[in-house]
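Report on one structure; see the data block that follows.
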Amino acid sequence: MQNSWHGLTWPSNDYSRVPYGVFSNPEIFAEEQERIFRGPVWTNIALEAEIPQAGDYRTSYVGDTAVVAVRGDDGEVHAFVNRCAHRGTLLVRDQLGNTKDFTCIYHHWCYDLKGNLIGVPFLRGLKGKGGMPEDFKMAEHGLRMLRVECYRSAVFVTFDENAEDIQSYLGPDGVEFLDRMFHKPIKILGYMRQRIPSNWKLYLENLKDANHAGLLHQMPVTFGLWRNTQTGGSKLDRLKRHEIHYGYIDTDTEEDAISGYEGVQSFNDQLTLNDACIVDYVPEWGDNISSQFLSMFPGTVFQQFANTIATRQVRPRKTNEFELFWTVFGYADDDEQALRRRIMQNNLAGPAGIVSMEDGEAPHLVQRAVGHNPEGHSLIAYGGTGPIEDQTTVITEVAVRGFWKYYCELMDVPVARQAQAAE
Ligand code: FES
Ligand SMILES: [Fe+2]
């Protein structure tokens, strides 16, 4: 069958329909690791502020591959696959630390900060017996190093030596986003992590669908942090794989909200807060953008939600599970009040966040309904099914179609031609 792919058919090349089997097929999961995560993409694995000194390291993931970022003696950031070159043991087990070298716990092979193998116990055996073969050369058994590029405070890696550079990958809007977020030195505030029982791509769909934010999340809608009646939209990169969606506070009135949300439960004008500190957004970037997310293909997120700033990393684990890892930060010059505001507002985000817990539950509910039955497909048509381009409304799913377009390109999916409206 011309358009069969892992037994699935991709219904149309406007990407408005996603076959549900893509969320539960282990072969597709394995192929994604190879073609996407170990392909020509960049993944944010650390922030430079986490590893300022020589020997500082941070463990992370690219897809389901464990990796390490380390500051070398040369001041540069290096990165390698977290796997001993001898028999494949996980080399570094801490999340963060400082070291002069990395020694594997199993047989004590030792590597320098650039991943060179510098020590093998009993290399020549003992008393003429045992040891490694004569022709074994340590220089040929270093760690699998990754290409690293830093932009602003963010450390990115790729497995692909031929991938475009990080600024080109981000595109002008992505660069501008990071320029705004990292316009001055940051300070790490902490980490959060959660396991979400859904396929990783359902979370990317959630992120790129600004429309849901004004419906699923009663808290920001009711208290004005994010509403579909406010000015907002989304910007896409040239290949439609990344998205920035943004919303401006105070661009609607209570009357706009009441009439726009008439009959919709997510806006409840009867609710009040005894303590409004959690929604007390104070503009600090010279604009009124109250929420702005950059979701980079495949699984890196930069978040400004009110005064919280953070990265989120999507770490696929299996077809129906991923880990979401949050690195929460503020600015180095935050005074006590600014710091307290960020920390309080972080109660909106994270595993138990008043808003974010709903973003964990929604993909889980999709997985529950489609994970055991690959038949059928979704419909992604808010904003129309025409060209995939920037949007000046948040009532749109166009960016979700952009994600699937690039996904299909990297995965070499045969896509049916009977599009409603091809790009
Ligand atoms: S597996 Fe690491 S030293 Fe043997
Ligand atoms: Fe959400």
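The values are calculated or read from the model by the stated rules, or taken from the named source; none is laboratory data. A quick note: this is a predicted structure, and the numbers were derived from the prediction, not measured. Note: ideal-geometry Cβ built from the backbone for every residue, glycine included; neighbour counts use all protein chains shown. Quick note on the areas: whole protein, heavy atoms, side chains included, nothing else; ligands and nucleic acids left out. Shrake-Rupley method; radii C 1.70, N 1.55, O 1.52, S 1.80 Å.
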Next item on the list: Scan the stretch 60-90 for residues that are in a loop (DSSP other than H, G, I, E, B) and within 18 Å of V155 (Cβ to Cβ) and jot them down.
Entry: G63, G72, D73, D74, G75, E76, N82
Next item on the list: Please give the strands (runs of 3 or more DSSP E) falling wholly within the stretch 96-166 in which 3 or more residues are without any contact (Cβ under 8 Å) to a residue 40 or more places away in the chain and not assigned by TED's automatic domain parsing to the domain that holds P298.
Entry: 117-119
Margin query: Give me the strands (runs of 3 or more DSSP E) completely within the stretch 208-306, filtered to those with at least 2 residues that are open to solvent by less than 40 Å² (accessible area, probe 1.4 Å), in contact (Cβ under 8 Å) with a residue 12 or more places away in the chain and over 19 Å from Q391 (Cβ atoms), ordered by residue number.
Written below: 300-305
Item checked: Number of positions in the stretch 93-113 that are over 25 Å from the mean Cα position of the chain (by Cα) and open to solvent by 30 Å² or more (accessible area, probe 1.4 Å) -> 10
Next item on the list: Look through the stretch 61-83, keep the residues that are more than 12 Å from V148 (Cβ to Cβ) and in contact with a strand residue (DSSP E or B) (Cβ under 8 Å, 6 or more places away or on another chain), and return whichever of them is farthest from ligand 1 (Cβ to nearest atom).
Entry: G63
Note to self: I'd like the full set of residues that are open to solvent by less than 30 Å² (accessible area, probe 1.4 Å), under 10 Å from L143 (Cβ atoms) and more than 13 Å from ligand 1 (Cβ to nearest atom), limited to the stretch 114-126.
What the structure shows: G115
Next item on the list: State which residue is surrounded by the most Cβ atoms within 10 Å (Cβ to Cβ) when the search covers only the stretch 333-356 and only residues that are in a loop (DSSP other than H, G, I, E, B) and out of contact with any strand residue (DSSP E or B) (no Cβ under 8 Å at 6 or more places or on another chain).
Entry: G353
Notebook entry, point to check: Taking the stretch 18-59 as the region of interest, how many residues are open to solvent by 20 Å² or more (accessible area, probe 1.4 Å), in contact with a Lys or Arg (Cβ under 8 Å, 6 or more places away or on another chain), among the small types (G, A, S) and not in a loop (DSSP other than H, G, I, E, B)?
Noted result: 1
Next item on the list: Enumerate the pairs (first residue in the stretch 364-388 and farther than 26 Å from N228 by Cβ and modelled with pLDDT of 95 or more; second residue anywhere and β-branched (V, I, T) and surrounded by fewer than 17 Cβ atoms within 10 Å (Cβ to Cβ)) with beta-carbon separation below 6 Å, excluding pairs fewer than 6 apart on the same chain, so at least 6 apart or on different chains.
Entry: none
Checklist line | D173, sole failed condition from (1) farther than 23 Å from G39 by Cα; (2) in a helix (DSSP H, G or I); (3) of a type in the set (D, E, K, R) | finding: (1)
Note to self: Tell me yes or no: at least one residue of the stretch 316-332 is assigned by TED's automatic domain parsing to the domain that holds F223, over 30 Å from E27 (Cα atoms), out of contact with any strand residue (DSSP E or B) (no Cβ under 7 Å at 6 or more places or on another chain) and not in a helix (DSSP H, G or I).
What the structure shows: no
